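Trainee: For reference, the structure I am asking about is given below.
Since every read-out is calculated from the coordinates, none of them should be taken as a lab result. No experiment lies behind these values; they were computed from the predicted model shown. Note that we place each Cβ from the backbone using ideal geometry, even for glycine, and neighbour counts take in every protein chain shown.
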Amino acid sequence: MSDRLFLLTNDDGHRAAGLRALADILKQFGRVVIVAPQTEQSACSHAITLHRPLRMKESAPDCYAVDGTTSDCVLLASQRLLGGRKPDMVFSGINHGPNLGDDVTYSGTVAGAFEGRLFGVRSMAVSSGDMARFEDGNCMEMLSGIIERALSEDWEDDVLLNVNLPPSSVELKGVKLTCLGRRHYAESVIEKTDPRGETYYWIGGVNAEWFGEQNSDFRAVEKGYISVTPLHLDLTHYPSLGKFSSLETVVKD
Ligand code: MN
């Protein structure tokens, strides 16, 4: 058994089926410590808890539940739990539901991997179109192959991998390297009236539309491929540095 150490989290709660499925794969490659939110925190993005104390409880050997977000989990694990040892890799997933294109900015799953990267640890987020994929031996084997190859790759410091498994309604075809697709959310807010006559809103209508490059992540999973998108943390738009130079003023140098 290798002495590799993996930190595993996600935002669906520490008993989630997807978390177990990824833990089962990772156990072939090393020791897995699970630190995950006690309850579901989906769409928590990169939030951390600053205004109340956090509790971390061991629910089984190498399995901890935190009453916070995925980023809280990675923070607590890296700074307190692992005794100063950096995990060889941080994993977040397998999320119950996809995290594609523009949606990655809302994702607690991807944020878990971002938080790992902020600690200088190579990280991977894994999400699935549906939960039936966790029972699909071929798909789990393909994912295991991706992880095995990623472990031996030399990555740039700033990069994490966002992996999405295709829904089980399409035949599994292979693995594609992709870029992030784009999404229109124009029709996704539903307006209704509550029993007291007050208006309320519900976000999450189904009319969102995808668009983007031919090698976009959403196209790959639609066709039955596992999508792998390398992401990076630097959000600077470098071409605009020149374009907005008129905004610069130097009062005193
Ligand atoms: Mn989730």
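Trainee: If Lys and Arg each add +1 and Asp and Glu each add -1, what is the summed charge of the other residues whose beta carbon sits under 12 Å from the beta carbon of Ser78? Spell out each step's value before the answer.
Mentor: Numbers: positive: Arg80, Arg85, Lys86, Arg117; negative: Asp72, Glu115.
Combined, the nearby Lys, Arg, Asp and Glu give +2.
Trainee: Counting other C-beta atoms within 10 Å, and keeping those with at most 14, which DSSP coil GluC sites (Glu not before Pro) do you find in segment 195-243? Display every interim value, and only then the final one.
Mentor: Numbers: sites: Glu198, Glu209, Glu213, Glu222; in loops: Glu198, Glu213.
Those that pass, being in a loop and sparsely packed, are Glu198, Glu213.
Trainee: Shape verdict for segment 1-116, please, from the Cα gyration tensor: rounded (a/c under 1.5), prolate (a/b greater than b/c) or oblate.
Mentor: Values: a/c = 1.55, a/b = 1.18, b/c = 1.32.
Note, shape of segment 1-116 comes out oblate.
Trainee: Determine the dipole magnitude for the chain: charges of +1 sit on the beta-carbon of Lys and Arg, -1 on that of Asp and Glu, nothing else is charged, the reference point is the Cα centre, and the result goes in debye to the nearest 20. Don't jump to the answer; show the numbers that get you there.
Mentor: Working: 25 positive and 35 negative charges, 96 e Å.
Dipole magnitude for the chain comes out near 460 debye.
Trainee: Turning to a different aspect of this structure: Would you please give the residues with an amide H less than 5 Å from that of Leu8, counting only those at least 5 places away or on a separate chain, with H modeled from the backbone geometry?
Mentor: Amide H to amide H, under 5 Å and 5 or more residues apart or across chains, Leu8 pairs with Val33, Ile34, Val35, Phe91.
Trainee: Taking Lys173 as the anchor, which aspartates and glutamates have their alpha carbon closer than 18 Å to its alpha carbon, excluding any fewer than eight residues away along the same chain?
Mentor: The qualifying aspartates and glutamates are Asp130, Glu135, Asp136, Glu141, Asp217, Glu222.
Trainee: Using alpha carbons only, how many angstrom separate the centre of segment 180-224 from the centre of segment 79-130?
Mentor: 23
Trainee: Label points 7 Å out from Cα along the Cβ direction at Ser144 and Lys173: separation in nm?
Mentor: Calculated label separation equals 2.5 nm.
Trainee: Can you list the trypsin sites (Lys or Arg not before Pro) in segment 154-225 that are in a DSSP coil and have 16 or fewer other beta carbons within 10 angstrom?
Mentor: On the way: sites: Lys173, Lys176, Arg182, Arg183, Lys192, Arg196, Arg219, Lys223; in loops: Lys173, Arg196.
Hits after loop and neighbour filter: Lys173, Arg196.
Trainee: What is the local net charge at Asp62, summed over the other residues whose Cβ is closer than 14 Å to its Cβ (Lys, Arg +1; Asp, Glu -1)?
Mentor: Summing Lys/Arg as +1 and Asp/Glu as -1 gives +4.
Trainee: Report the full-extension gain for the segment Trp202 to Arg15: residue separation times 0.36 nm, less the Cα-Cα distance, to one decimal in nm.
Mentor: Working: separation 187, 0.36 × 187 = 67.32 nm, distance 2.73 nm.
This chain segment gains 64.6 nm when fully extended.
Trainee: So which GluC sites (Glu not before Pro) in segment 159-192 pass both tests, a DSSP loop state and at most 11 other Cβ atoms within 10 Å of the Cβ?
Mentor: Details: sites: Glu171, Glu187, Glu191; in loops: Glu171, Glu187.
Here the sparse-neighbourhood loop sites are Glu171, Glu187.
Trainee: Obtain the nm distance between the two label points defined at Asp234 and Asp154 by a simple spin-label model: each point lies 7 Å from its Cα along the Cα-to-C-beta direction.
Mentor: Spacing of the two 7 Å Cα→Cβ label points: 1.9 nm.
Trainee: Check Val175: other-chain or 5+ apart residues with amide H under 5 Å from its amide H, H built from backbone geometry?
Mentor: Result for Val175 returns Ile226.
Trainee: Turning to a different aspect of this structure: Taking a ≥ b ≥ c as the square roots of the eigenvalues of the Cα gyration tensor of segment 96-197, is the shape rounded (a/c under 1.5), prolate (a/b larger than b/c) or oblate?
Mentor: Numbers: a/c = 2.42, a/b = 1.50, b/c = 1.61.
Oblate is the answer for segment 96-197, as a/c is 1.5 or above yet b/c matches or exceeds a/b.
Trainee: Now, a different point. Using r as the Cβ-Cβ distance of Lys27 and Asp102, and R0 as 41 Å, what FRET efficiency do you calculate, to the nearest 0.05?
Mentor: 0.75
Trainee: Ile190 to Ala60: extension gain in nm, 0.36 nm per residue of separation minus the Cα-Cα distance?
Mentor: Values: separation 130, 0.36 × 130 = 46.80 nm, distance 4.16 nm.
Length difference between fully extended and current span is 42.6 nm.
Trainee: In terms of the Cα gyration tensor, with a ≥ b ≥ c the square roots of its eigenvalues, is segment 96-138 rounded because a/c is under 1.5, prolate because a/b exceeds b/c, or oblate?
Mentor: Numbers: a/c = 3.36, a/b = 1.61, b/c = 2.08.
Cα axes put segment 96-138 in the oblate bin.
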